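Asker: First the structure, then my questions, so here it is.
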Amino acid sequence: MTFLKHLGLVASSGLLALQALAFDNGRNDNVAVYWGQNSYGATHGSDTANWQKALSAYCQDDAIDAIPLAFMNVFFSTGGLPEINFSSTCSANSGVFSGTNLANCQFLAADIKACQARGKIITLSLGGATGAATFSSDAQAQTFADTIWNLFLGGSSSTRPFGDAVLDGVDLDIEGGGSTGYAAFVTRIRSHASGASKKYYVTAAPQCPFPDGNLGAVLNAVGFDAVYVQFYNNFCGLNNFNNPNAWNFAQWDNWAKTQSPNRSVKIYIGAPASSTAAGSGFVDINTLSNIARTTRSQFSSFGGVMLWDASQAVANGRYDLAIKNALRSGGGGGGTTTPPGTTPPATTTTSTPVSGSCAGVATWQSNIAYNGGSQVVYNGHLWVAKWWSQADAPGGPAGDWTDMGACTSRVATSSVHAQTVKATVKATSVKTASTAPAATKVSVAASPVKTVESAAASKTAQPSAVKTTSKTDSNKTTENDDDKDGQKAPAARRFSRFFRF
């Protein structure tokens, strides 16, 4: 506990209790938070006490479910191996494997395993704003997938940056260079994973303008488990949620259900974790909570919230924990979760009573979305929903239901095991999706920042600094173009999440 207080990560009274749960991609209350770039340090250089902490520090409670490590920013470097850069924690400046520019971060193995033991998935995010994350052909991409498998996933190599720790998948945050080879890359990763003893995940982090300029074709070609849409730094950002010509989650939901090769793909609302985490799009926690709950009630593809990044979230009053609590208290679910190594708990259901206090009330079912005030019978009791709820059983930890007491008469019961059921949510007042074309991306750090018109990454002189590039489109748009009634899509700026500090 002393260690946690030192890190400033102790949840206050009434917040989520510590528990180790297995990750469930089918839920609609997951929180994914990027770690690695010390975004807070990039914008608060003198406040070192709140800089990025050790990876395991962000796994001490159940606020975060998935952590993409950002970034693998160069695909082909010295010795034919890639480069990874985790800012002040580990980079090429802190030690590399001989004959390469691949950072040796094997000290992170214990942190990765600790997080995984608590039910988190830890993935590797490829790309960022370097412009050096590109392929020239499908064949090159397939070979690179073999390298990634051997260096970070289920393969083997003498140059594994995280030692014997095995990551849970890959994330594509492609900020430039086009889509060549990425479908072949994902297909090859899937091929390796198909015979593996554990589940591997493939996610992507496109910008919100649809379709994404770099990942659009890839998303249509191969299946992804989750898509962390960046609803910030663009006209379609969270700050334009109330503008039906800008906010376009409906468009992403429609893609998930009609175009994605994986029709069960989950769409996340990507958000900045503080006002200094992005150029635009930050909203306070109450606003984000309301947006997330409203979106979840309208679109069954909703999977949760993604935040950029961990350092900003913690410094901003545990923004990550606050949004997790909001999702949970709002009736989140969509699947059951159990501690690793345990069997799902048995749940008892009853058929509809024909007489007594519960007469005519249907039995609770995990695949039905209930509105506040709905009545169900569960374990011989009558229950009333406090608010919207799905897949959270009456009497369970979510607290979605009020127990009205035992039924005075009921018929025979049957015991069944809880199952993960795909969410079906009633669509209400769906907003009109924007049909604006995708915009070109612009890499930016919080002010002040120097724009560099270059596709290649440049190293900073500081030992712990990250690599960064800034890219502008040919229209030289200004930041004010992002938010003019959502009408500036063709020239909207796109900001990278790769910071200099």
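The values are calculated or read from the model by the stated rules, or taken from the named source; none is laboratory data. Just so you know, these numbers come straight off a predicted model, no measurement behind them. Don't worry about glycine lacking a Cβ; one is built from the backbone with ideal geometry, like all the others, and counts go over all protein chains shown. When the accessible area is computed, the model is the full protein with side chains, heavy atoms only, and any ligands, DNA or RNA have been set aside. Shrake-Rupley method; radii C 1.70, N 1.55, O 1.52, S 1.80 Å.
Asker: Criterion first (among the aliphatic types (A, V, I, L, M) and more than 16 Å from the chain's Cα centre (by Cα)) does Ala246 satisfy it?
Answerer: yes
Asker: Let me ask another. Restricting attention to segment 121-140, which residues are assigned to a loop (DSSP other than H, G, I, E, B), open to solvent by 10 Å² or more (accessible area, probe 1.4 Å) and not aliphatic (A, V, I, L, M)?
Answerer: Gly131, Thr134, Phe135, Ser136, Ser137 - these are the residues of segment 121-140 that are assigned to a loop (DSSP other than H, G, I, E, B), open to solvent by 10 Å² or more (accessible area, probe 1.4 Å) and not aliphatic (A, V, I, L, M).
Asker: Now for a different question. Across segment 149-197, what is the total count of residues that are more than 29 Å from Ser98 (Cα to Cα) and among the β-branched types (Val, Ile, Thr)?
Answerer: Here the count works out to 2.
Asker: Next up: Please work out if Thr143 is without any contact (Cβ under 8 Å) to a residue 12 or more places away in the chain, open to solvent by 10 Å² or more (accessible area, probe 1.4 Å) and under 30 Å from Gly195 (Cβ atoms).
Answerer: The answer is yes for Thr143.
Asker: Okay, moving on. In segment 197-246, what residues are in contact (Cβ under 8 Å) with a residue 40 or more places away in the chain and in contact with a Leu (Cβ under 8 Å, 6 or more places away or on another chain)?
Answerer: Of everything in segment 197-246, those that are in contact (Cβ under 8 Å) with a residue 40 or more places away in the chain and in contact with a Leu (Cβ under 8 Å, 6 or more places away or on another chain) turn out to be Tyr200, Thr203, Ala205, Pro211, Asp212, Leu215, Val218, Val227, Phe231, Tyr232, Leu238.
Asker: How many residues, within segment 44-78, are more than 15 Å from Ala132 (Cβ to Cβ) and open to solvent by 40 Å² or more (accessible area, probe 1.4 Å)?
Answerer: Final tally of qualifying residues: 10.
Asker: Now a separate question. Any idea which of (1) free of Cβ contacts under 8 Å to residues at least 60 places away in the same chain; (2) under 29 Å from Ala184 (Cβ atoms) is the one Gly281 doesn't satisfy?
Answerer: Answer for Gly281: the failing condition is (2).
Asker: Has segment 349-356 got at least one residue that is at pLDDT 90 or above and open to solvent by less than 30 Å² (accessible area, probe 1.4 Å)?
Answerer: Taking segment 349-356 as the starting set, the residues that turn out to be at pLDDT 90 or above are none.
Scanning segment 349-356, I find no residue that is at pLDDT 90 or above and open to solvent by less than 30 Å² (accessible area, probe 1.4 Å), so the answer is no.
Asker: Pairs under 8 Å by beta carbon, first residue farther than 17 Å from Ile148 by Cα in segment 111-134, partner open to solvent by 30 Å² or more (accessible area, probe 1.4 Å) and among the β-branched types (Val, Ile, Thr), six or more apart or different chains?
Answerer: Gly119/Thr337
Asker: Here's something else I'd like to know. Can you confirm whether segment 151-162 contains a residue that is under 24 Å from the mean Cα position of the chain (by Cα), open to solvent by less than 10 Å² (accessible area, probe 1.4 Å) and among the small types (Gly, Ala, Ser)?
Answerer: no
Asker: Right, another one. Mind listing whichever residues of segment 71-102 are closer than 17 Å to Trp149 by Cα and in a strand (DSSP E or B)?
Answerer: Phe71, Met72, Val74, Glu83
Asker: Let me ask you something else. Does any residue of segment 274-286 turn out to be within 25 Å of Gln251 (Cα to Cα), of a type outside the set (A, V, I, L, M, F, W, C) and touching a strand residue (DSSP E or B) at 6+ places or on another chain (Cβ under 8 Å)?
Answerer: Scanning segment 274-286, I find at least one residue that is within 25 Å of Gln251 (Cα to Cα), of a type outside the set (A, V, I, L, M, F, W, C) and touching a strand residue (DSSP E or B) at 6+ places or on another chain (Cβ under 8 Å), so the answer is yes.
Asker: Inspect all residues belonging to segment 180-203 and state whether any of them is of a type in the set (Lys, Arg) and under 19 Å from the mean Cα position of the chain (by Cα).
Answerer: Within segment 180-203, the subset of a type in the set (Lys, Arg) is 188, 190, 198-199.
Restricting the remaining residues to those that are under 19 Å from the mean Cα position of the chain (by Cα) gives 199.
Yes, segment 180-203 contains a residue that is of a type in the set (Lys, Arg) and under 19 Å from the mean Cα position of the chain (by Cα).
Asker: Of all residues in segment 143-188, which are charged (D, E, K, R) and not in a loop (DSSP other than H, G, I, E, B)? Spell out how you get there, then give the answer.
Answerer: The initial filter retains those residues of segment 143-188 that are charged (D, E, K, R), namely 146, 160, 164, 168, 171, 173, 175, 188.
Hits for segment 143-188 are Asp146, Asp171, Asp173, Arg188.
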